[in-house]
1. Pick from E137, E151, E161: which is most flexible by mean-square fluctuation in a GNM of the chain where alpha carbon atoms under 10 Å apart are linked?
2. If I model a spin label as a point 7 Å beyond the Cα along the Cα-Cβ vector, how far apart are those points for L127 and T48 in nm?
3. Once the convex hull of the C-alpha atoms of the stretch 2-51 is built, how many Å³ does it hold per residue, rounded to a whole number?
4. Compare D150, D173, D100 in a GNM of the chain, Cα atoms joined below 10 Å, and give the one with the largest fluctuation.
5. Can you give the calculated 222 nm mean residue ellipticity of the chain, where each DSSP H run of n ≥ 4 adds -39,500 (n - 2.57) and the sum is split over every residue, rounded to the nearest 500 deg cm²/dmol?
6. Which trypsin sites (Lys or Arg not before Pro) from the stretch 77-142 combine a DSSP loop assignment with at most 13 other Cβ atoms within 10 Å?
7. So, in the chain, how many Lys pairs have Cα atoms under 21 Å apart, if the pair is 8 or more places apart or on different chains?
8. Which listed residue (L142, C157, V86) has the Cα farthest towards the positive end of the charge dipole for the chain, taking +1 on Lys and Arg C-beta and -1 on Asp and Glu C-beta about the Cα centre?
Amino acid sequence: MRLTDDRYSGERSQFELALRMIRHEARTHTIKECTGLSDDRIRKLYSTYFLNGGNTGVKRRRGKSPRQVTRYVKNAQNQMQATSLVALFVAGLLIRIDEDGRVHARWPRPDVEFGHRLCRAYETYVLLHDDPRLNFEWVWNLLYCISCNDELYLAACDSCEAHYVQDSYALDDKTCPACATDKLDAPAAADP
Ligand SMILES: [Zn+2]
């Protein structure tokens, strides 16, 4: 009895996650990685709940996740949004940041709990920003890239000491996106 119950709740959790991820327009491959469900079951869930269920407006994405780190740093707005996501990853215990600002994955292998935590981070991110620039797949990719400490890293701002997402191959002027935006918005000094 117990075993059956556990298996049932495990399956329910897989399905709940798949539906949550489909709603965020995650790619089939990404859903598969977290839920362990087959392509066929994901397709069926999608057609049952989103095609026949009248939930139009949700697109099913195929193919690979995007992989271009410049997306996260191309302007102060994107950089600030990416940085807020890193904070949400930390809050969701998906990563931790050590004293040197290096990122460590706390959840090395995608599973159902990992998927739910990533969904929660993404949902909070969407609530925080009026104009979210990163879709679910970009968020998934950011978590991966920032955990590698390779193409992206956490730089520290000279003015306010905050950490921010930076491209490892770009020149860094040690100014976080918030301070950079403040500088732009500040009225020009009055002429003497
Ligand atoms: Zn700053």
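Here, each number is a calculation from the coordinates, and none is a lab measurement. Computed from a predicted model, the values in this text were never measured in an experiment. Methodologically, a virtual Cβ is constructed for each residue, glycine included, from the backbone with ideal geometry; neighbour enumeration extends over all protein chains shown.
1. E161
2. Between L127 and T48, the label points sit 2.9 nm apart.
3. Measuring per residue, one finds 68 Å³ for the Cα hull of the stretch 2-51.
4. D100
5. After summing the helix terms and dividing by the residues of the chain, the value is -15500 deg cm²/dmol.
6. Working: sites: R96, R102, R106, R117, R120, R133; in loops: R102, R106, R133.
Here the sparse-neighbourhood loop sites are R102.
7. Working: K32/K44; K32/K59; K32/K64; K44/K59; K44/K64; K74/K174; K74/K183; K174/K183.
Close lysine pairs found across the chain: 8.
8. Toward the positive end, the furthest listed residue is L142.
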